[in-house]
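Here is the structure we will look at.
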Amino acid sequence: MGKIKILQVGTGNFGKSWIEIIKKSPEWELAGIVDINRETLQSVAHEYNIPEEKCFTSIEEAIKKTDPSALMNATPPQFHKNVSLLAFDAGLNVIVEKPLSNNIRDAQDMVSYAEKKGKKLMVSQNYRYRNQPRTIRNVIENGIIGRIGYATINFQKGPHFGGFREEMEYPLLIDMAIHHFDLMRYITGENPVSLYAKSWNPYWSWFKRDASVNLSIEFNNNIQVSYSGSWVSTGRETSWDGDWEIYGEKGSIVWKNGRIYFISNGKTEEIEPIKMEREDRYLSLYEFYCALKENREPETSGKDNLYSLSMVFTSIESAKNGIPVSIRLF
């Protein structure tokens, strides 16, 4: 299989960085770019030297004139469903920027429609495609700490984004926690069963609504995870991955400040992260290519990602009602 032609829809803010990733990935050919904002489209086309005949404000016209096999959906989450379904109808496979959707029903519809049309749907859950979580997953699979019993995760940042994030009802849960939820699933190798969330907004917060949360999460195999997160830390900040401690009967793994340690019987050993030719979104895009080439489901398929996304909306439900909530996908 040679290069696959991919059409990118959505070129604003974070979306436009995908253009560079696609152009630098030898497996892909950028068929064209689409954005409803003509001014944004022209600006991005100039910045990345994309000819006018590959720039469109209409997805239908772009598909007709460029004949792609795949589509990168980098539109805002509320538009993910409509763009993806249009692509499936045109016979395209889709990779979508996280989150899969801004609500669970639309996400389920996307998954079901992709299956109906026999097309691949993948979510670029980029944090798990980095070398450190993949190193930790390897260590756990090799039985170094034995079977996981519980884990604690602390995430503390104090970003001043401005704009829409500071107006959200649950900014941390909606905009950030999906990364950590997906990492929990990837590292433990298990899916969530239930969770209990408590959210609040510290009195000094520059966010309008709840920017802090504590969660108690139960996963399959009786793994318990405690998660504490905040976007209004005024003291020590963690990395964007957060600080992790994972406990088994043979010892624990500590992942903190970009370094990984194995601790057992009072001894600490640093673990060197595995070497990877590609990481992050470069690797997630390569995984999409391999899934198409091998005709298999991607690692972070839309169907698999429903578990990570459901954790977001179940957390919000629990925080609103003040009770533990079971994870429900369908």
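The values are calculated or read from the model by the stated rules, or taken from the named source; none is laboratory data. Quantities reported herein were computed from a predicted structural model and do not represent experimental measurements. We place every Cβ from the backbone using ideal geometry, glycine too, and count neighbours over all the protein chains shown. Side chains included, ligands, DNA and RNA excluded: accessible areas come from the protein's heavy atoms. Shrake-Rupley method; radii C 1.70, N 1.55, O 1.52, S 1.80 Å.
Is it fair to say residue 68 is touching a residue at least 40 places away in the same chain (Cβ under 8 Å) and either hydroxyl-bearing (Ser, Thr, Tyr) or closer than 18 Å to residue 180 by Cβ (or both)? Taking the combined requirement at face value, the residue does not satisfy it. Listed by first and then second residue, the pairs with beta-carbon distance under 8 Å, at least 6 apart or on different chains, first residue in the range 118-138 and under 20 Å from residue 252 (Cα atoms) and in contact (Cβ under 8 Å) with a residue 12 or more places away in the chain, second open to solvent by 10 Å² or more (accessible area, probe 1.4 Å) and among the hydrophobic types (A, V, I, L, M, F, W, C), are 131/274; 131/276; 134/274; 134/276; 135/271; 135/274; 138/274. The sole residue among 250, 275 that is farther than 14 Å from residue 144 by Cβ and either among the small types (Gly, Ala, Ser) or in contact (Cβ under 8 Å) with a residue 40 or more places away in the chain (or both) is 275. Selection of first residues in the range 290-301 that are in contact (Cβ under 8 Å) with a residue 12 or more places away in the chain and of second residues that are open to solvent by 80 Å² or more (accessible area, probe 1.4 Å) and not in a loop (DSSP other than H, G, I, E, B), restricted to Cβ pairs under 8 Å at least 6 apart or on distinct chains, gives the following pairs, ordered by first then second residue: 297/303.
Quick one: count up the residues across the range 287-317 that are touching a strand residue (DSSP E or B) at 6+ places or on another chain (Cβ under 9 Å) and either closer than 26 Å to residue 25 by Cβ or hydroxyl-bearing (Ser, Thr, Tyr) (or both). Explain how you work it out, then say what you get.
As a first pass, look at the range 287-317 and keep what is touching a strand residue (DSSP E or B) at 6+ places or on another chain (Cβ under 9 Å): 287-289, 291-293, 297-305, 307-311, 314-317.
Next, from what is left, pick out any that are either closer than 26 Å to residue 25 by Cβ or hydroxyl-bearing (Ser, Thr, Tyr) (or both): 287-289, 291-293, 297-305, 307-310, 314-315.
Of the residues in that region, 21 qualify.
Kindly indicate the residue of the range 253-272 that is under 21 Å from the mean Cα position of the chain (by Cα) and modelled with pLDDT of 95 or more and also most open to solvent (accessible area, probe 1.4 Å) among those meeting that condition. Taking the candidates together, the pick is 256.
Being open to solvent by 20 Å² or more (accessible area, probe 1.4 Å) and in contact with a Leu (Cβ under 8 Å, 6 or more places away or on another chain) is a property that residue 99 has. Just one of the listed residues (300, 314, 238, 234) is over 20 Å from the mean Cα position of the chain (by Cα) and of a type outside the set (D, E, K, R), namely 234. Restricted to the range 1-35, and to residues there that are within 19 Å of residue 90 (Cα to Cα) and free of Cβ contacts under 8 Å to residues at least 40 places away in the same chain, the residue that is surrounded by the most Cβ atoms within 10 Å (Cβ to Cβ) is 33.
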